[in-house]
Each structure stands twice: as structure tokens, then as C-alpha cells.
1. Against the definition (part of a strand (DSSP E or B), out of contact with any Phe, Trp or Tyr (no Cβ under 9 Å at 6 or more places or on another chain) and either open to solvent by 30 Å² or more (accessible area, probe 1.4 Å) or at pLDDT below 95 (or both)), how does S130 come out, yes or no?
2. May I ask you to list the residues in the stretch 21-41 that are open to solvent by less than 20 Å² (accessible area, probe 1.4 Å) and either polar (S, T, N, Q) or under 20 Å from the mean Cα position of the chain (by Cα) (or both)?
3. With under 22 Å from E481 (Cβ atoms), at pLDDT 90 or above and not small (G, A, S) as the only criterion, which of V427, V349, V444 stands out?
4. Report, by residue number, each residue of the stretch 162-177 that is surrounded by fewer than 17 Cβ atoms within 10 Å (Cβ to Cβ) and aliphatic (A, V, I, L, M).
5. Somewhere in the stretch 580-592, is a residue open to solvent by 10 Å² or more (accessible area, probe 1.4 Å), modelled with pLDDT of 90 or more and either among the basic types (K, R) or more than 29 Å from D344 (Cβ to Cβ) (or both)?
6. Which residues, counting only those in the stretch 141-161, are assigned to a strand (DSSP E or B), touching a residue at least 24 places away in the same chain (Cβ under 8 Å) and either basic (K, R) or open to solvent by 10 Å² or more (accessible area, probe 1.4 Å) (or both)?
7. Taking the condition of being within 19 Å of D611 (Cα to Cα) and open to solvent by 10 Å² or more (accessible area, probe 1.4 Å), how many residues in the stretch 527-548 meet it?
8. Find all pairs meeting these conditions: Cβ atoms under 8 angstrom apart; at least six residues apart or on different chains; first residue within the stretch 577-599 and at positive phi; second residue outside any strand (DSSP E or B) and surrounded by fewer than 19 Cβ atoms within 10 Å (Cβ to Cβ).
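The values are calculated or read from the model by the stated rules, or taken from the named source; none is laboratory data. Being a predicted model, the structure only gives us computed values, none of them experimental. Cβ sites come from the backbone with ideal geometry, for glycine too, and all protein chains shown count toward neighbours. Ligands, DNA and RNA are excluded from the accessible area calculation, which covers all protein heavy atoms including side chains. Shrake-Rupley method; radii C 1.70, N 1.55, O 1.52, S 1.80 Å.
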Amino acid sequence: MAQADGPVDGPVDRPADRPLAIRWATQSEPPALLSRLAGHAGAVYCVVFLLDGKRALSGGADGALIVWDLATGTPQAALTGHTAGVTSLAVTPDGTTAFSASLDGTIRGWQLADGGCTRTFSGHTAPVRSLHLTPAGMLLSTSDDRTLRLWESNSGECVAQWIGHTDRVPAAALTPDGQWAISAGDDRTLRVWSLADGKEVGSIIGEGGYVSCLAVTPDGTRLITGSDDRLLRVWELATGKLLAVWEGHAGGVRDLALTADGLHLFSADNSGVVCVRRLADGVVESCLTAHSAPITSLALSPDGAQLLTASQDHTLGLWSRERLGLPFRQGHAGPVTGLVFTDDGRRLVSCGEDGELCLWDGASGELLDSLSEEAALLCLAALPDGGILVGDSAGGLSQYALETDGGFARSALRLGEQRGSLLAAAVSPDGSLAAVGTDTWAVVVWELGTGQRRHVLAGHRGAVLAVAFLPDGTGLLSADENGVIRLWDVSTGVGTRLGTAFDEAVETLTVAADGRRVVAGLESGRIVCLALPDGAEVAEWRGHDEWVAGVVLLSAGAPPAESGGPLLSAGGDGAVCLWRGADGEVLLRQEFGNPFSRLASAGNGFLALGDEEGCVQVLSYPKNLLQEGKQ
């Protein structure tokens, strides 16, 4: 998505050839993201940096190991041999050899130079869950068979089997001095083992949920556990005393990573979030929404400057650690389908196919509130009293009130259900009526005061994509995918076709303030001005290469075809155009990248745009731009 690296707020420079300045914009990805790595055919279970910090190794549910070039984000090699998912990885200090654990119950050794499998370690009788290289060069593994095993890494010989847990052992950690190993079992115990002789030297009866990850602080004095109850716990390793319980996660904690200086802890969870906190007191300094699915593994680069995340969404993320705290203004997860300023122009409401309804501060871009609905939200209309009408894909029309300085009132007024999806909505100037267009060819008019249907208007032979009331409230315009525009008498429900049908869909309708003209935005990118009530074509503007997403008339009173005043439009070609109304000349065409889906104006020098990728952005334009459009 072509968006700014971070939210753009406040005064901005305007190059002469780009007078429309982005005041703020949502982002598709957090600013800390350096690249997304995609190559596994399923969930990614584990990841490690290689010694040079320029490459990484990952293992996934597809049974493959992939070597990544982090500069380009592309796979360098795929190592295959396991017959089930790869759950854990370890790399020798010289960076030449890697070891992998698998759900197939084996461990394999790999020569990284050529990707060849050098040995297979067999002995576990169930999936192997974790793998660790000791300072002495031995391999420690844990398994669903309730055991830990110690292996000679060169020969693959199992030299010890440690038995004590009464349920599977999903995780383990080593102390920095290489004397002890700590294991976590689903029997809800933590056990401490001597690496020298394999004896169990201590145990801790766990609290809360099942422990899924462990980490020992660099000074070797504390043990940190993460569990499926969403909590982190800090233990004094020498005594087993519980020192602290840290909250902050919205999902079960899946992995931990400590910085080499022992100052910070990274923790990842099932909600796709990474939390960064101070190790001294557990205070969360920042949180990163890194993935749309559970994060399974974390790794810090040798220099500590970068972070790798692996996820069940089949991808890995490479992140800049210094940028983790930068603000992330997240947009919609799919096309923006509705966009309106509230009546005072201070707040902006957007909705999308993702079912999200968002309320933004129009000037700063702060997300003031959001609601989630099960159905896709497809259209919006602003009410004169500051409320919002929302139409959805299930045929529902809901009315939300807005708190004076807050968000959405949580008790929405449901006006009823209509067969089919609601694709367009409009409110009469006095706020008494609402009209919606549907994909079942109908136009439905509601009385907002009573919540009763006034009319179900039939006449279209295709999905109704746009509706607009006339300024005096007596008439209603509707347009469909077959190029037909109809004008309806609101009191009687009688309608007539406006002029000759276009040979393409009419995407948008904008009525001039005097009610004598309507400007139609078409699927091809043409903009046509029609006289009311006969529908005679009086002007045409050509400049977009794809559908018209919206038109704003910037001249007061008379339509641009008469006044010569300017108009602004946005299109599916990702461009915003400024037109001189008198002769249709394109005075400005500014490219933004993504196909636009919606355009709204606050009438105060600001435009709001929504696009097919889910971005919402607000642009400002200088006053002299309007003067140029009138010349």
C-alpha cells in the first residue's frame, strides 16, 4: 500500500506539483516493519537469526526449513527431510550447522553451506517440542513423551534421558553458565536439572495456566514464564519464590526473548501482539500488533537492532527495534465502503467490508472509537444532529448517536431489515427521512422519527449504487449499475427515469446546492453534469482512467457547469483531480497509488479519502487552489 511511513500530522510542506498535502493517513503495516517474509506453505513455528545477522532460518508446519536473505526478504534455500512440522531450531556458535526438532519425533542436523542433512537423532517416541544447544555443545530436547533427552551433537547419540514430568514437556531454558536446565511440563510443574549429571535438583509447582515458554535472565538469577492464562510470571531461580506477575497480553503467551543487556523483555501472544517491557519492573513500554494470527516464535538479531516474529498466518516479520514505539494508526482490513464527516466537520466516520465502524478526529487522525459488526458495513450517511446511519451486507440499517466529546453510543437504533445488501445511503436535509439503495434493485425510504418504512421504490433493473436527496427534500435521486438514474417524488413515491441511460454503471451522485444540477460519476471515470428535472447533459469531464469514487463541488450556490467554479474528484485510478467547471479542463491530477473507493469533504479545506486497501487519509488544500479553479 502506498502510504506514509508514519502518521502525518499538522503543517506539512506542499511541493508545487503536489498541492494536496496528506494531513494524516492510516497505515497498512506498523512503521517498525522492515519486511514480511512469505514462503512457508503453512504456519511458521520457529525462527532464529544466523550468525551474520543478515540471514535467518525458519521452520514450519510444512516440514521445511527455509534460509532467508533478510536484505531482500527472499528465500535462499529450503531444507527438506522432516515428515511433519518443524517446532524448534538451534544453530551452532560458528554458524555452520543447524539442528531442527519436529513433530515427526526426530531431530535433524543440517550443513548450512549446502543444505544437506548430516544426521538424524532418533529416540523420542512422540513429537519433539523444543531444542537447545548447551555451552558444552550438547543438544537438549523436550518432547510430548514426557522426557528430556541429552544428545551428543556430532554423533547423534542420546547420552541421557531425564524422567520426572508426568505430562508432555513443551518448553525448556538453560542458565547462562550452562549448569542448569529448567523444563516446563503440562503437569504444571517447573523442574530444574543438572546438566552435568541429569539429576533433578529442584521443582516449582506452577500457578495459573499451562506454561508455553521460558527464559532465564542474563545474570542467571530469575526465571520468566509465559502461559496460556495471558500472564508472565517472574521466579527467583535459587528458591523458586514467585517474585512478580505481569499482565498486558490479550492472548496466551507463546514466546519470550531477552535483550543481551538484560534490560528488556519481548513477549508474544496468540493475539498476534508483541509487548516490550522493562525487565526491572515489568512496565510495558510498547506493544506491536505484528500479525493477524498467533505468534509462535521470537528472535533478536545478534546486535539487538532487529526482531523476527513467526506466525500461524504463514509469514515472518522483520522489525526495526528502534521504531517499535512509533505510533501506528491502523486502517481497515479491506476496502473502505463508507466515509462521512459529522455535521460540524470535526470528526470523520469510516466503515469497511471488515465490519469495522471507526470514528476519527478529523484534524489529528486520533482514533476516538470503533465498533465491530458481524456483517460487512457497506454505506454511511451523516444525520443533521450529528448521528450516523450505517447500512450492512445483511440488509440492516442502524442509527448510531455520537457523544458530544466521545464516541459512539453503544445502543444503536435498528431501523429494520431489508432483503439484500444496502449499498448506498442518504439522509434528507431536515433529517426526517433516510433512503437506501440495495443490490436487490430496490430503493427504500424510512421515516427516521418513527422507524417505519415510507416507500419501497421499484423501477431499477440492477443494483442501486447511489442515492441523493434534493436540497429541498421533495425529490430523491437514485442510480444503478446499468447506468439508469431515476428521480422520485418523496411524498408520493412516483419516479421517472432521468434522461437517457448511460452504457455503464453510475457510481456516485452529487447534487448542486441550488438543486438544478446533479453530477454523476461513472464506472469508466467520466464525470457528467445533468440538468434537473429533465436529465439533459450539460457538461462532461474526462480525466480518470477508472471508476469515480466521489465528486465534491467546491463552488457555493450554482453548479460548476454554470458558475465555472471548481470541483474535485477521486477515482479508482488512485488520482485526485481538480477541474475547472467552465470548460472541464483538468487543472491538477495528483497520484496517490491505491484505488480510491470513497471521497468526503468537510467544506473547510479538508478532504477525506478511503481506498480499496483499507487506508483512510485526510488531505488539505490551499485556498489559492480554489481560486485557480475559478479562473
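1. Details: part of a strand (DSSP E or B): yes; out of contact with any Phe, Trp or Tyr (no Cβ under 9 Å at 6 or more places or on another chain): yes; either open to solvent by 30 Å² or more (accessible area, probe 1.4 Å) or at pLDDT below 95 (or both): no.
Taking the combined requirement at face value, the residue does not satisfy it.
2. So the first thing to find is which residues in the stretch 21-41 are open to solvent by less than 20 Å² (accessible area, probe 1.4 Å), and the list is 21, 24-27, 30-32, 37, 40.
Those that are open to solvent by less than 20 Å² (accessible area, probe 1.4 Å) and either polar (S, T, N, Q) or under 20 Å from the mean Cα position of the chain (by Cα) (or both): W24, A25, T26, Q27, P30, P31, A32, L37.
3. Working: V427 fails: under 22 Å from E481 (Cβ atoms); V349 fails: under 22 Å from E481 (Cβ atoms).
V444 is the lone residue from the list that is under 22 Å from E481 (Cβ atoms), at pLDDT 90 or above and not small (G, A, S).
4. Across the stretch 162-177, the qualifying residue is only I163.
5. First pass over the stretch 580-592, keeping only residues open to solvent by 10 Å² or more (accessible area, probe 1.4 Å): 580, 582-589, 591-592.
After this cut, where a residue has to be modelled with pLDDT of 90 or more as well, the list is 589, 591-592.
Next, only the ones that are either among the basic types (K, R) or more than 29 Å from D344 (Cβ to Cβ) (or both) stay: 589, 591.
Yes, the stretch 580-592 has at least one match.
6. Residues satisfying the conditions are R149, L150, C158, A160, Q161.
7. 5
8. G584/R542; G593/M1; G593/A2
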